[in-house]
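The values are calculated or read from the model by the stated rules, or taken from the named source; none is laboratory data. Note that this is a predicted model, so its numbers are computed, not measured. Every residue, glycine as well, gets a Cβ built from its backbone with ideal geometry; the counts of neighbours run over all protein chains shown. Note: areas computed on protein heavy atoms with side chains; ligands, DNA, RNA excluded. Shrake-Rupley method; radii C 1.70, N 1.55, O 1.52, S 1.80 Å.
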Amino acid sequence: MTFKVKRLIFSGAFSKLAGMKLRLILLVLSLLAFLSASTGGFLYYSSLKKSALEEAERQAQERLQTIQKSFSAFLSENIKPVRSLAGLDFLQHSLIRPDEAAALEKANLILDHFNRTLETEVCYLMDRRGDTIASSNRLAADSFVGENFNFRPYFQRAVQGQPATYLALGTTSGRRGAYYSHPIVVEGRPEPVGVVVIKASVEPIERELVSASDEIVLVTDPHSVIFISNRREWLYHSIQELSDERRDRIARSLQFGEGPWNWVGIRMEGERHAVDRHGRGYLIHRIELDHYPGWNVIHLRSLAAISRTVSDPLIRIAGPSILALCVLIGVSVFFLYRKASVDILRRQAAEQALRESEERYRSLYHHTPAMLHSIDTNGRLVSVSDYWLDILGYERAEVIGRKLTEFLTESSRRYAEETVLPEFFETGFCKDIPYQFVKKSGDIIDILLSAISDRAMAGGPVRSLAVSIDVTERKRAEEALQHAQQELRRYSQDLERQVRKRTQEVTSILKYTPAVVYLKDKEGRYNLVNSRFEELFAMRNEEVQGQTDHDIFPNEIADQFCQNDQRVLSDSCSYQAEERISQSDGVHTYLSVKFPVYDETGKISGICGISTDITAVKKAQEQLRRLSGSIMDRQEKERKAIARELHDELGQLLTALRMDSAWLRHRLKDTDAHASERALTMDTLIDKTIDGVRDMAIRLRPGVLDTLGLVDALEWVTSDFEKRTSITCFFNHRPVPNLEDTLATAAYRITQEALTNIARHARATRVDVSLGIEDGVLSLIVIDDGCGFSLRELTESEGLGLAGMRERASLVGGFLDVQSQERKGTRVHFKVSINPERPG
């Protein structure tokens, strides 16, 4: 019994000791886990807080840029309307004759119309003294009529001939707004007769500033007065403490009311941090408004709110047990490590792509056949292309660091330093500037220079990229052309003198001309016919005199002659027509030019006609038209065949090659990563080639034209045009039946050629294409808002496109009308009678 008792006592003590050690180990492990979790949590919290601050910095920058663009767009949206308003005759008339009630009423109606259309606060008109004579709010309690605003800077600038934009608090209405003013100039008067103003409320743009409760967005003037804010209580306060002198200056301007423009209590602590009077910290960013020096957009975000974006989620997650937290920390560390590794690999890949892009840019820069160079803000060359060096004959070490103007002639250097460079550094853009460069050999070349500049965040230029085109030969050709024109002018004058001297000779020549020449009086009686008339109609001049067409010719021919004669008499101008006359060898076609003959008093006394036999020419034209139609039909067939070959043969080969390269990339992915990347590059190139072949086949002969018809083909070509050129293109159509293939092809090609001309020459921003049928006539219209052109001034090469479109229209029995004026766009109208195909 004693031995058993001792054994039991020993076993209990050992168990107790083992339990104590196990608890100690668990306690130590728990403490270690807690310390690890605490340390990891603290480090993770610090990392998240730093990331949150960086993200807040990035969001603030993006927010500022978005607000700046919105505000800049708001400040510029009424500049063109106020310029248009200033050019209206009724406003000018009301300023010249202010006592005319009708003129003033018309001016008020125009102001009402613009105010409703633009949805602005008010539009009003002032005379040269600054008195408001008309206003869209004339019936309101706070009417501007009779008020004098000559103290406003926007009036002072406009009355001096300069349009202006001004931000201020209304002295009469007490509402904030953006004022757009423009001078009203009357032809013949040296100074503006008045000023028209559009006032737009800033409240719509201010409502867009409303954001989270922890953000504050301000717009301040050069004196730091807050003009716009999502904190209403901060309006007309200052972001900085103002001196008495500055307060007096603001008060005299009446720009922001009567004050007192108290300080909101924000103090800067470093470049990006600020503290208010209650000790609350803010992350602060600011950016200057474009074209408004001193005006800033300021963004403030509470540091406490940024910290809460990190602390609040951590507090919600802190509930799980210590063991689960330790496991989570371990897994999190593992996944964070994996994520960091992936990010590093991605960053290395991005850096490699950036290096490759830089190499491609450098290669493009140096191998482009154009003179490229860059200058810094001091006008010194920082880089030049190889072509630039080849043209001027210099080595790179001889030009880098030198001023660009050192390579110009004296006149070009003076023009660049006094005019071009100051304007370029201010606007960051110039185009087609004529310069003269001096080569190393001393030769002088003429160039046209266009350039843009890289700008820093503050808005100032950093460096430029310029393209120079050698126009020496073109300028010589222009000078030669001018000389030739002068010679031609002198020749024309000499020819006129010869014509006057040889009038008598021409009279005798008419006797032997192969054309039919005759004179009639106003009643249609013949006074004179030439020998060709006598020969054709077997009548002598004496027999014809005093007779009419009905006395000589059959009624059908006589009616034709009389109708054309009456048109000349009624329009009092020349007229050209084709007349068909039966002769012994058949019907002949004559091109007749008829024009009125005037007596010494300037009245029409008769008609002179000259008729030329063009029967052979008409037959040749008909043969040429048939030949042209045959050629175009064969071209369409060839295009269709080539498109089919490209799509079926080459397309299938490229697809097979794409599948093989994809198989190769997957096969090498685990054994040769570099080769797999090259295979991926091959995939991309093959995809681009397939897209290129597909686009080529579609442009040669779109399959949609053959399968779905003209409407779907035009829908595709307009969409493709908009995608390739970034020009807005609208296609409108009414129901169109199935058309003959020849007619559908002609309409499609005319549209395609018109869009091509617009992309190349029009500089348009919008194109409208419409298609429809009315009274059995198919009508296709293409209209753009581009620069337009003069139909009379088209060169032979420039007119080939229009000639081709007219030829296509003629071949299907249609008509093509082209209307265009410079700066007023172009309208192409194709009309043709159709016979709809019947189903089946």
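One table, with the values for the structure above:
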quantity	calculated
Considering residues of segment 580-604 that are of a type in the set (Lys, Arg) and at pLDDT 85 or above only, the residue most open to solvent (accessible area, probe 1.4 Å)	603
Test: residue in segment 129-147 that is touching a strand residue (DSSP E or B) at 6+ places or on another chain (Cβ under 7 Å), of a type in the set (Val, Ile, Thr), over 26 Å from residue 251 (Cβ atoms) and touching a residue at least 12 places away in the same chain (Cβ under 8 Å)	yes
From the options 153, 163, residue that is over 32 Å from the mean Cα position of the chain (by Cα) and at negative phi	153
Top-ranked residue in segment 187-211 [being in contact (Cβ under 8 Å) with a residue 24 or more places away in the chain and assigned to a loop (DSSP other than H, G, I, E, B); ranked as farthest from residue 136 (Cα to Cα)]	211
Some residue of segment 585-593 being outside any loop (DSSP other than H, G, I, E, B), among the hydrophobic types (A, V, I, L, M, F, W, C) and touching a Lys or Arg at 6+ places or on another chain (Cβ under 7 Å)	yes
Meets criteria (in contact with a Gly (Cβ under 8 Å, 6 or more places away or on another chain) and β-branched (Val, Ile, Thr)) for residue 184	yes
Pairs with Cβ under 6 Å, 6+ apart, first in segment 410-422 and within 14 Å of residue 449 (Cα to Cα), second of a type in the set (S, T, N, Q)	412/436; 413/405; 416/405
Odd one out for residue 440, checked against (1) surrounded by fewer than 14 Cβ atoms within 10 Å (Cβ to Cβ); (2) modelled with pLDDT of 90 or more	(2)
Every residue from segment 122-168 that is in a strand (DSSP E or B) and under 19 Å from residue 293 (Cα atoms)	164, 165, 166, 167, 168
Residue match in segment 724-743 (condition: at pLDDT below 85, open to solvent by 80 Å² or more (accessible area, probe 1.4 Å) and in a helix (DSSP H, G or I))	yes
Residue tally, condition of a type in the set (Ser, Thr, Tyr), at pLDDT below 90 and crowded, with 19+ Cβ neighbours inside 10 Å, over segment 167-205	0
Test: residue in segment 47-54 that is assigned to a helix (DSSP H, G or I) and crowded, with 19+ Cβ neighbours inside 10 Å	no
Among (1) open to solvent by less than 40 Å² (accessible area, probe 1.4 Å); (2) outside any strand (DSSP E or B) - the single one residue 577 does not satisfy	(2)
Residue in segment 90-112 that is open to solvent by less than 50 Å² (accessible area, probe 1.4 Å), more than 18 Å from residue 187 (Cα to Cα) and touching a Gly at 6+ places or on another chain (Cβ under 8 Å) present	no
Candidate set: segment 796-827, residues that are more than 23 Å from residue 738 (Cα to Cα) and among the aliphatic types (A, V, I, L, M); chosen: the one modelled with the lowest pLDDT	800
Hits in segment 370-397 - residues which are surrounded by 13 or more Cβ atoms within 10 Å (Cβ to Cβ), among the acidic types (Asp, Glu) and part of a helix (DSSP H, G or I)	386
Residues located in segment 762-778, provided they are touching a Ser or Thr at 6+ places or on another chain (Cβ under 9 Å) and either surrounded by 16 or more Cβ atoms within 10 Å (Cβ to Cβ) or in contact (Cβ under 8 Å) with a residue 60 or more places away in the chain (or both)	762, 764, 767, 769, 770, 771, 773, 778
